[in-house]
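One structure below.
The values are calculated or read from the model by the stated rules, or taken from the named source; none is laboratory data. Source: prediction; values computed, not measured. Reconstructed Cβ throughout: ideal geometry from the backbone, glycine too, with neighbour counts over all protein chains shown.
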Amino acid sequence: MADISGRNSFEITLNGKPVRAYTGDTIAAALVREGVHVFSRSTKFHRPRGYYCGSGRCISCVMRVNGIPGVRTCSTPAAPGMVVRTERGFPSSSHDILSVFDHVFRKEFDYQHRFIRPSFMTPLFQMIIRRLASSSQLPDAEGLDFASLERRMCDALIIGRGVSGSVAHARLQGAGVRSLITVDNRMGPENNAPSTAFCFYEDGDGGVLSRNRIHLIKARAVLIATGRNEVGLPLVNGDLPGVMLPEAVHQLALRRIRAGNHAVIVGMSDLKERVERDLRSSGASVVASYREPASVVRVLGRRSVRGVEARELKERPAA
Amino acid sequence: MKCDTVVPLGPLVPSVELAQQAGCELSVINGLWCVKSDPEGRTSIPGIFASGGVTGLVRNEERIVSGEVAASAIVKLLGDS
């Protein structure tokens, strides 16, 4: 089966239910297209968490994929037959009965001092506490693909493929530098194997993680072009599913997926124009734009965003 | 105000962690930590260059130029050694 643009589609499953995905989709993109809001639950309180940063920087979207826990679904390509399960919350992330505890123990449930007596009950208590603390289960034996180490050498290693990284890549290729490795943590039409440079070792080797494998790269020259990191705003209820950073909206728009129908933009940065373009091109409308974050009193909703409560600020914000 | 999506536009902070771990010197530009680099993109660690947003550049043209300049410096380094 193919969509209008001719891309092939296939099926993956989320908690046993079939979800359609298209070539070029990340797992998260396929889930958002299907209308999934709650991707996981927060660790201490069982607050719902959705698709948030879209760039592998946060852990809102982690799920168990083909028996491997803690997989960032926003930067993992979807593949036919993938078995995806939410791993936080019980019985599932979208319906988490353990959130009852949040209402009973409003401040926090103290795992250190409760559930310790009688001591013969400890094994049972531990099972409950592990569920409450939403810790993951160990990987399935057959799903295990232990990270193996591969040593590589190159002339130039470019870390990052944003504006300056891409330009440098083209320039080096043009200058005839053949042994060139570019690390790019975003999955896109040209990149089906997102990679992340995670450290430099004492001998100067760069550690790069790609497809469950660690590459130790000895390069004669390294270009660090890691760019800038999007930081969210401290909004009340700002962790609700439906609150998402510009890159998340962009990644969805690239795949013609609508982040939502009616969007509110809060704050001001260089990315504002791109966000507006992304929202409109995917068919969403921008219903309001608050330049001053303080104008937004709180984000409304329980399981996902329903609206924002806004107020007029005394000093008039610059138009 | 009814809506189903909220997009917060917070500050854009240079991702200096990797460069910092590699031992590169940092400097503060406009209140944000950035990787310190000379006009040709060299950092304080020999063989490591930096370009673009991580060095504190914001405007697109500047980021493009910094990538070109650093690439040229790398070509020179590879040719020399």
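Descriptive notes on the structure:
- Some residue of segment B:22-37 being free of Cβ contacts under 8 Å to residues at least 60 places away in the same chain, over 11 Å from the mean Cα position of the chain (by Cα), closer than 19 Å to residue A:162 by Cα and more than 7 Å from chain A (Cβ to nearest Cβ): no
- The residues on offer are A:65, A:36, and the sole one that is under 21 Å from residue A:211 (Cβ atoms) and either modelled with pLDDT of 90 or more or surrounded by fewer than 21 Cβ atoms within 10 Å (Cβ to Cβ) (or both) is A:65.
- Residues of segment A:39-61 classified as touching a strand residue (DSSP E or B) at 6+ places or on another chain (Cβ under 8 Å), surrounded by fewer than 21 Cβ atoms within 10 Å (Cβ to Cβ) and not hydroxyl-bearing (Ser, Thr, Tyr), total: 4
- Any hit, segment B:46-61, residues being in a helix (DSSP H, G or I), facing chain A (nearest Cβ under 7 Å) and surrounded by fewer than 23 Cβ atoms within 10 Å (Cβ to Cβ): yes
- Top-ranked residue of segment A:136-179 - restricted to ones that are assigned to a strand (DSSP E or B) and more than 10 Å from every other protein chain (Cβ to nearest Cβ), ranked as modelled with the lowest pLDDT: A:149
- Filtering A:206, A:238 for residues that are on the phi < 0 side of the Ramachandran plot and more than 8 Å from chain B (Cβ to nearest Cβ) leaves a single hit, A:206.
- Of the strands (runs of 3 or more DSSP E) lying entirely inside segment A:203-288, those containing at least 2 residues that are farther than 30 Å from residue B:73 by Cα and more than 20 Å from the chain's Cα centre (by Cα) are A:262-267.
- Screening residue A:294 with (1) within 11 Å of another protein chain (Cβ to nearest Cβ); (2) closer than 13 Å to residue B:10 by Cα gives one miss only, at (1).
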